[in-house]
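What follows is one structure encoded as structure tokens, with my remarks underneath.
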Ligand SMILES: Cc1cc2nc3c(=O)[nH]c(=O)nc-3n(C[C@H](O)[C@H](O)[C@H](O)COP(=O)(O)OP(=O)(O)OC[C@H]3O[C@@H](n4cnc5c(N)ncnc54)[C@H](O)[C@@H]3O)c2cc1C
């Protein structure tokens, strides 16, 4: 088996890997991106992306990949009696986003990486990763069969990360299975809204989403646990002829999403983990694209500094984990607690909870992590408030 040498070896061509490799190459580091699939984005996705992700990635909002502007959404209670509407049409909350065409979105990131000088190896799988005292080694097979030597390895290889396994000794993360249909000819009330359904009946221990892509097309899927995915998704579609009576399924796909929050340590000597490999998914919503982009960008910046200082120690690279935590650590922690609390609530309690929320309190809570407005609303029913607080404390 031959060998080749790079400064930085990035495993995985998702949003995290594309971001970190580009930053490294832009700063003059010889960088290779290793991707096992023959093209990017083989994994399904509901394709909802907040504007912050575009900004972090330095991508403009281009209609070729930002296909549908989302002005708001509805959180629908288990009995569908309450539809909590959150709308940011005039952008007063500063949080809005798009449904993207993810393959095209990733392609835009890929072109930026190419322009920066990243060597992209498709159809090449990282089999084994080893950190030695003065270098790293990644054994690859597929389009290339060789050992890649480098100074630093980045594990951006998703929830089944080989880097997390070989370098960090990590086992499986807490995962939720998903199933998604891409559907055409849907008749949705508003195509600029996303729809989220919760409750033990409709989506046990998870939630169900309808994310419109425009012109009657939508990603309709669910992530649930301890329950059959297809049964629940089909039942939902059958129970909503007003939306799906004329609709056709044109694609079926599924994948696991890590929902246990970030791994304890994301850095080791000469190695870092980013994105799904690091558990960078908001545990209550499954949002992982923006965290992956933010993590990839910070990791890239810290790795470049490590080259400046010729210091690839765990201690030096820890700046990446600290900076990520400053940005999104609180959100990840809060969302994990909120998910665990929601999971123990029965449908009547979820209905009560949603009935006590309003647009402003949910935005303040879910996106800005300010609990005050939500707590005030909850105090409208003090007994219920105490029981929720107790569950939150236990979560
Ligand atoms: C059904 C579903 C819906 C979702 N919806 C949304 C959403 O609407 N919004 C949102 O923000 N997030 C969503 N997510 C989560 C989001 O897709 C991920 O969190 C995000 O893609 C993580 O990016 P990543 O770069 O860390 O990993 P990934 O996108 O998983 O990319 C990892 C890459 O590594 C490659 N790879 C793996 N192992 C190897 C190996 N050994 N060698 C070489 N290459 C390897 C894979 O082929 C893959 O291309 C959804 C996920 C699912 C499953």
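Figure legend. Inter-residue proximity from region 45-67: first residues assigned to a strand (DSSP E or B), second residues modelled with pLDDT of 95 or more and more than 14 Å from the ligand (Cβ to nearest atom), beta-carbon distance below 7 Å, spacing 6+ or different chains. Indicated pairs: 67/214.
Taking the criterion of being in the same structural domain as residue 295 (by TED's automatic domain parsing), within 14 Å of the ligand (Cβ to nearest atom) and part of a strand (DSSP E or B), would at least one residue in region 242-251 satisfy it? No, every residue in region 242-251 fails to be in the same structural domain as residue 295 (by TED's automatic domain parsing), within 14 Å of the ligand (Cβ to nearest atom) and part of a strand (DSSP E or B). Residues in region 1-15 that are within 16 Å of the ligand (Cβ to nearest atom) and in a loop (DSSP other than H, G, I, E, B): 4 in all. The condition (being within 16 Å of the ligand (Cβ to nearest atom) and closer than 18 Å to residue 301 by Cβ) is satisfied by just one residue among 50, 18, 40: 18. Within region 7-55, being under 17 Å from residue 129 (Cα atoms) and surrounded by fewer than 23 Cβ atoms within 10 Å (Cβ to Cβ) holds for 7, 36.
Screening residue 316 on (1) outside any helix (DSSP H, G or I); (2) surrounded by fewer than 18 Cβ atoms within 10 Å (Cβ to Cβ) shows it passes everything except condition (1). The selection criterion, being out of contact with any strand residue (DSSP E or B) (no Cβ under 9 Å at 6 or more places or on another chain), in contact (Cβ under 8 Å) with a residue 60 or more places away in the chain and in a loop (DSSP other than H, G, I, E, B), holds for residue 38.
Taken over region 252-292, the criterion of being touching a residue at least 24 places away in the same chain (Cβ under 8 Å) and over 22 Å from residue 178 (Cα atoms) is satisfied by 265, 266, 267, 268, 269, 270, 271, 272, 273.
Looking at region 135-174 only, could you name the residues that are within 17 Å of the chain's Cα centre (by Cα) and crowded, with 18+ Cβ neighbours inside 10 Å? The answer is 155, 156, 157, 158, 159, 161, 173.
Is it fair to say residue 30 is free of Cβ contacts under 8 Å to residues at least 12 places away in the same chain, in contact with a helix residue (DSSP H, G or I) (Cβ under 9 Å, 6 or more places away or on another chain) and away from the ligand (no atom under 12 Å from the Cβ)? So residue 30 does not fit the description; no. Note on region 191-214: residues that are free of Cβ contacts under 8 Å to residues at least 40 places away in the same chain and either outside the structural domain of residue 234 (by TED's automatic domain parsing) or closer than 22 Å to residue 64 by Cα (or both) total 1. If we scan region 287-309, do we find a residue that is part of a loop (DSSP other than H, G, I, E, B) and within 12 Å of the ligand (Cβ to nearest atom)? Yes. Residue 319 passes every criterion in (1) assigned by TED's automatic domain parsing to the domain that holds residue 154; (2) touching a strand residue (DSSP E or B) at 6+ places or on another chain (Cβ under 7 Å) apart from (2). Among the residues of region 175-210, those that are part of a loop (DSSP other than H, G, I, E, B) and either within 14 Å of the ligand (Cβ to nearest atom) or touching a helix residue (DSSP H, G or I) at 6+ places or on another chain (Cβ under 7 Å) (or both) comprise 186, 187, 188, 200, 201, 202.
The values are calculated or read from the model by the stated rules, or taken from the named source; none is laboratory data. Note that the coordinates shown come from a computational prediction; the quantities given were computed from them, not determined experimentally. Here the Cβ is made from the backbone with ideal geometry for all residues, glycine too, and neighbour counts use every protein chain on show.
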